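Worksheet for the structure shown next.
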Amino acid sequence: MMSSRANPGSRQRQRASGAFAKGLGLWRVLKFGRALGGGSMGPHLRFRSFTDMRLAIVFSAALVVLARPVEVQAAAGLCPDEGGTRGRVVSVNERLELTLEGGIRLKIAGVDPPRPTPGDPELDARAQDRLTQWLVGQEIVFRQLEPGLDRWGRRIAYVFAPAAGQGPEKAPLPVGEAILDAGLARYEPSAAARPCRASLLAAEAGARTAGLGLWADPYYAVIAAADRPSFAEKAGTAVIVEGRIIGIVDRRPRIMLTFGPRQGWDFSIAIFPRNSKGFEAAYAAVAGLNGRMVRVRGLLDTRFGPQIEISNPDEIEVTGQEQDAQVAPAGTPAPR
């Protein structure tokens, strides 16, 4: 049985701020490692100090929910704290999708599940097991982010669940962040996940830095834009590439971001906006990225030189200290 409920109270979200990103490292292990029911994906998943544990408890207890409906939050670019409709989890599959009582299937927004790798053919199964231990039998709360079902019959949603051992009176945790923070998945850019992009990326970055979960597998290492041997090995797979943009070219209907002088040899990003208005907005968004270090994720195509095609500049992440630099003003025109 599922029922809708109102959310009492609201607060300003701070997860996109530098303070949140710094704080994540303090409370990440209890908040998310414990939420996943203990256990391990291997020797790289580890717990930290009791001080961090206490900070985690304080932080989790401080979470409250937003009162706005999800449609208003998405329009305002807000990442919800909690949410919306209740349901009980009956199973978790290898894609980390949840099936609820009544047959509803949920795709957790912003989560790209792991795949088996040559060095770890059980990687996806262990992630599934960890999430199963945490969520099966639990009552969760979810906010559906898009009307209807996607092409695979799923509802795209933010999902919230209590940490292991917590009672229903405790504020639930964002399951997507927990999964990323434990290294059980990578961040997946999408329109649905965009309001929570900063907090999801911060969770992933913490796991990657600590070498947790899938980040302990060399197959999942971020590829340097100049690393051609790695491109050859991972053609046709979803990868993350990092490097410095040296040129931005208008080749309508696409925008090309180049990482080297040799077209067809050096890595590049192709952006294909859906229409002319979208093209102008996309060009304005990337115009200030020339010379910047960025990270992009997507399917690697090597047919005409290593390239990733994306549909939105949101799929490009400015890295390191350059995150604080100013990107192009909104009114920057595209060249003709």
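Things to note:
- Which of LEU212, PRO172, ALA191, positive extreme of dipole for region 169-282 (C-beta unit charges): ALA191
- Heavy-atom accessible area for ARG244, with the other protein chains in place and a 1.4 Å probe, reaches approximately 110 Å².
- Dmax and Rg, reported as Rg then Dmax, of region 173-308 (C-alpha, Å): 15.7, 47
- Label sites at ARG86 and GLU122, each approximated as a point 7 angstrom past Cα along Cα to Cβ, lie 3.7 nm apart.
- Electrostatic dipole magnitude of region 143-265 [Cβ: Lys, Arg +1; Asp, Glu -1; Cα centre; debye, to 20]: 520
- Counting only DSSP beta bridges whose two residues both lie in region 209-317, roughly 75 percent are antiparallel.
- A protection proxy built from the mean count of other Cβ atoms within 10 Å ranks the segments 253-264, 291-302, most packed first, as 291-302, 253-264.
- Dimensions of region 73-132 from C-alpha coordinates, computed as largest minus smallest value along each principal axis and given longest first, are 43, 29, 15 Å.
- The residues TRP134, TRP265, sorted by heavy-atom accessible surface at 1.4 Å with ligands and nucleic acids left out, run TRP265, TRP134 from largest to smallest.
- Relative intensity, log₁₀ I(q)/I(0), of region 269-313 from a Debye sum that treats every alpha carbon as a point, q = 0.32 Å⁻¹: -1.14
- Ranking ALA284, PHE231, GLY260 by how far each Cα lies toward the positive end of the dipole of region 226-291 (charges on Cβ) leaves ALA284 at the top.
- Prolate/oblate/rounded label for region 160-223 (Cα gyration tensor, a/c 1.5): oblate
- Computed lengthening from LYS234 to GLU139, 0.36 nm per intervening residue step minus Cα-Cα distance: 30.3 nm
- Note on region 217-273: Rg/Rh from C-alpha atoms, Kirkwood Rh, equals 0.99.
- Only Cα pairs under 8 Å and 6+ residues apart enter the sum, and on that basis the relative contact order of region 170-298 stands at 19 percent.
The values are calculated or read from the model by the stated rules, or taken from the named source; none is laboratory data. Keep in mind that what you see is a predicted model, and the values were worked out from it rather than measured. Virtual Cβ from ideal backbone geometry, glycine too; neighbours counted across all protein chains shown. Calculation scope for accessible area: heavy atoms of the full protein, side chains included, ligands and nucleic acids excluded. Shrake-Rupley method; radii C 1.70, N 1.55, O 1.52, S 1.80 Å.
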